[in-house]
1. Every residue in segment 459-482 that is over 12 Å from Arg350 (Cβ atoms) and outside any helix (DSSP H, G or I), please.
2. Examine segment 210-233 for a residue that is under 30 Å from Thr460 (Cβ atoms) and either in contact with a strand residue (DSSP E or B) (Cβ under 9 Å, 6 or more places away or on another chain) or among the charged types (D, E, K, R) (or both), and state whether such a residue exists.
3. If you take the residues in segment 62-104 that are of a type in the set (S, T, N, Q) and within 30 Å of Ala419 (Cβ to Cβ), which one is surrounded by the fewest Cβ atoms within 10 Å (Cβ to Cβ)?
4. When segment 399-447 is examined, which residues are found to be under 19 Å from Gln175 (Cβ atoms) and outside any helix (DSSP H, G or I)?
5. Looking at Val317, Val291 in this structure, which one is over 16 Å from Ala396 (Cα atoms), of a type in the set (A, V, I, L, M, F, W, C) and modelled with pLDDT of 80 or more?
6. Can you name every residue in segment 130-177 that is within 18 Å of Leu339 (Cα to Cα) and either open to solvent by 20 Å² or more (accessible area, probe 1.4 Å) or among the hydrophobic types (A, V, I, L, M, F, W, C) (or both)?
7. Please work out which residue is nearest to Gly159 (Cα to Cα), limiting yourself to segment 371-402 and to residues that are surrounded by fewer than 23 Cβ atoms within 10 Å (Cβ to Cβ) and touching a Leu at 6+ places or on another chain (Cβ under 7 Å).
8. So which of Leu338, Leu352 ends up being modelled with pLDDT of 90 or more, open to solvent by 40 Å² or more (accessible area, probe 1.4 Å) and of a type in the set (A, V, I, L, M, F, W, C)?
Amino acid sequence: MKLKGEKRESSNCSEGSKGKMTLLLALVALISAFGSSFQYGYNVSVINSPAPYMQDFYNRTYFNRTGVLMDSGFQTLLWSLTVSMYPLGGLFGSLMVWPLVNNCGRKGTLLINNLFSITAAVLMGTSEIAKTFEVIILSRVIMGIYAGLASNVVPMFLGEISPKNLRGAMGIVPQLFISIGILVAQIFGLSSILGNVEGWPVLLGLTGIPSLIQLLTLPFFPESPRYLLLQKGNEEQARQALQRLRGWDDVDDEIEEMRQEDQSEKEEGHFTVLSLCTFRGLRWQLISIIVMMMGQQLSGVNAVFYYADRIFQSAGVDANNVQYVTVSIGAINVIMTLLAVFIVESLGRRVLLLAGFGLCCVSCAVLTLALNLQTTVSWMSYLSIVCVIVYIIGHAIGASPVPFLLITEMFLQSSRPAAFMVGGSVHWICNFTVGLVFLYMEAGLGAYSFLIFCAICLATIVYIFIIVPETKNKTFMEINRIMAKRNKVEIRGDKEELKDFHTAPGGQTEKKEFASIEL
């Protein structure tokens with residue numbers, strides 16, 4: 001009788017592991033995302049509001065040193081460096097992902113990363129007292145390195161510690177905190193709060209507080225069980241971590257799934273970026289993340305934010321109130337990303353990606369029309385506002401959060417760090433490129449710039465529709481089998497091997513699948 005009850009409890013645990021959000025799991029997600037992802041978003045927009053006061057500080061400092069006012073061209077150069085050093089640092093941070101997560105672990109990398117943020121926060125917060133603008137530019141590089149690591153490691157960490165039923169929601173939590181970071185920076189940057197001549201050093205220095213909180217609290221939470229088992233080979237620690245995260249003792253099913261993944265990957269070893277790029281068995285996964293990351297950054301989100309202020313002014317919003325409109329756009333971004341957290345497991349990743357890029361595509365097309373006609377047709381300026389809001393909704397539900405989630409899901413343990421390094425590098429290179437190129441595009445093409453973004457969104461939709469599979473509620477191994485067929489790696493076994501795919505025991509299936517990949 002007792003044995004029966006134990007069996008039923010074990011079965012319930014197995015079912016529960018598909019959907020139970022424990023307090024510990026929620027706290028790990030909260031601390032990881034608030035301590036890391038939040039600051040990525042915060043530092044994206046923190047220098048927008050106090051820009052005039054910071055530029056004035058640059059000018060005064062230069063005058064005090066040299067006795068002459070700064071040349072306008074030199075000032076523009078310094079401000080361009082202040083803005084563009086952040087994505088450049090992000091690229092450097094992405095290139096550090098692979099060595100750090102493999103040697104220090106996911107949690108260990110996040111803890112080490114906090115040192116970058118705290119150092120940069122102290123430098124930026126004291127820059128006015130020290131009368132040096134150079135440290136602000138240096139700090140933007142350091143914060144970029146921090147953001148480059150955070151934007152890759154947090155989705156990887158949360159994806160690996162989550163049960164498969166919650167992996168989508170947990171994978172969008174980092175993007176939710178990025179959008180919250182943007183909103184908080186916009187609110188604190190209001191001229192009535194810290195976006196003024198006295199407050200801007202404090203505004204820049206606040207970024208160290210979430211890092212300090214993470215540094216003090218994250219050590220008490222478990223490391224990724226997958227990292228402990230598959231990369232450190234410590235099953236006991238992995239089991240203990242998994243038991244703490246799940247809230248029960250019976251974690252045999254998940255340990256067994258990890259063992260199958262380990263067995264199937266033993267022959268390949270750990271992938272470097274070079275071996276990942278040349279490995280036929282992961283070709284479509286790699287192409288997919290590159291396409292989605294390019295689509296995410298080149299779809300015009302920076303341009304929409306850039307145009308937003310003048311679009312609202314042309315609709316009659318007073319210039320002094322535009323900053324509040326910018327905050328409201330940030331709030332819409334947060335609300336829609338929060339919605340994505342709750343609907344990603346029911347609607348799936350593909351639907352959110354297609355709907356998100358679809359809304360962005362239509363918005364860009366209509367916005368081109370509205371901007372060109374707003375001087376002749378009075379209500380077109382209101383249509384422009386609608387387009388901006390629809391675009392933000394589309395980006396928030398699909399284009400922003402889902403690509404990073406899919407990197408976690410489409411790669412196994414041995415190739416995941418290298419995949420994040422590639423995806424993160426593409427993300428930051430495209431971000432940096434748009435920052436450099438858009439002003440020239442806008443000067444040459446004006447509102448027609450949005451047609452280019454429309455075409456990029458459309459091309460991304462077509463690719464996702466044809467190539468990217470649905471991954472919701474699937475284990476990493478199940479997703480890997482779907483992609484193995486896409487990569488035609490079972491081509492030698494023909495129909496007989498396809499039959500074995502469905503009927504052979506778990507270990508044999510994985511071995512055959514990867515043996516065929518090598519051929």
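The values are calculated or read from the model by the stated rules, or taken from the named source; none is laboratory data. Predicted, not measured: the structure shown is a model, and the values here were computed from it. Here the Cβ is made from the backbone with ideal geometry for all residues, glycine too, and neighbour counts use every protein chain on show. All accessible areas refer to the heavy atoms of the entire protein, side chains included, with ligands and DNA or RNA removed. Shrake-Rupley method; radii C 1.70, N 1.55, O 1.52, S 1.80 Å.
1. Passing the criteria: Asn473, Lys474, Thr475.
2. For segment 210-233, residues under 30 Å from Thr460 (Cβ atoms) and either in contact with a strand residue (DSSP E or B) (Cβ under 9 Å, 6 or more places away or on another chain) or among the charged types (D, E, K, R) (or both): present.
3. Of segment 62-104, the ones of a type in the set (S, T, N, Q) are 64, 66, 72, 75-76, 80, 82, 84, 94, 102-103.
Among the residues that remain, those that are also within 30 Å of Ala419 (Cβ to Cβ) are: 84, 94, 102-103.
Values: Ser84: 18, Ser94: 26, Asn102: 16, Asn103: 10.
That would be Asn103.
4. Selection gives Ser400, Pro401, Phe411.
5. Values: Val317 fails: modelled with pLDDT of 80 or more.
Answer to the check: Val291.
6. Asn165, Leu166, Ala169, Met170, Ile172, Val173, Gln175, Leu176, Phe177 - these are the residues of segment 130-177 that are within 18 Å of Leu339 (Cα to Cα) and either open to solvent by 20 Å² or more (accessible area, probe 1.4 Å) or among the hydrophobic types (A, V, I, L, M, F, W, C) (or both).
7. The extreme case among them is Ile393.
8. Numbers: Leu352 fails: open to solvent by 40 Å² or more (accessible area, probe 1.4 Å).
Criteria check complete, one pass: Leu338.
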